[in-house]
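Report on the structure given below.
The values are calculated or read from the model by the stated rules, or taken from the named source; none is laboratory data. Computed from a predicted model, the values in this text were never measured in an experiment. As a convention, Cβ positions derive from the backbone with ideal geometry for all residues, glycine included, and neighbour counts pool all protein chains shown.
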């Protein structure tokens, strides 16, 4: 990645969860941290999220979820990215995810689960360190 290349991040809200304030705060914070952020909007299916990741050529997919459907939706997103040849894309999750579920999500391929209140600087630092480099 060149010195002036920006990390591309897709911020997505899957399922029926209609609360997007946190996703918008994180999207703006990552943008202010110098990343290029694409926000999908509400009520996206795993397939729509994967398609957007492919179309936008992102290095990171950030999923905001509060609905409790994380155990079903996140593995579908990770599997869809792998199927499309994007197994190197960093998948991070923010929202209400109980610790035992977070452990299972990481085992399923999610890179990190951020709990509510995590500072944006911490999320941005994690992404900068772990996101795959692209030319």
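Can you go through 101, 32, 88, 55 and tell me which one is within 18 Å of residue 120 (Cα to Cα) and out of contact with any strand residue (DSSP E or B) (no Cβ under 7 Å at 6 or more places or on another chain)?
It is 32.
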Return the residues of segment 86-107 that are more than 22 Å from residue 37 (Cα to Cα) and either in contact (Cβ under 8 Å) with a residue 40 or more places away in the chain or crowded, with 21+ Cβ neighbours inside 10 Å (or both); say none if nothing qualifies.
97, 105
Members of segment 36-47 found to be touching a helix residue (DSSP H, G or I) at 6+ places or on another chain (Cβ under 7 Å) and either surrounded by fewer than 16 Cβ atoms within 10 Å (Cβ to Cβ) or closer than 17 Å to residue 6 by Cα (or both), listed by number:
37, 38, 39, 47
Looking at 11, 50, which is the one that is part of a strand (DSSP E or B) and surrounded by 19 or more Cβ atoms within 10 Å (Cβ to Cβ)?
11
Log entry, pairs with first residue in segment 108-120 being more than 15 Å from residue 76 (Cα to Cα), second being part of a loop (DSSP other than H, G, I, E, B) and at pLDDT 95 or above, beta carbons closer than 8 Å, six or more apart or on different chains, reads 113/97; 115/97; 120/33
Say whether the condition of being under 17 Å from residue 110 (Cβ atoms) and outside any strand (DSSP E or B) is met by at least one residue in segment 34-46.
yes
Failed condition for residue 80, given (1) within 20 Å of residue 131 (Cα to Cα); (2) within 14 Å of the chain's Cα centre (by Cα); (3) outside any helix (DSSP H, G or I)
(3)
Could you identify the single residue in 77, 120 that is surrounded by fewer than 19 Cβ atoms within 10 Å (Cβ to Cβ) and closer than 26 Å to residue 18 by Cβ?
120
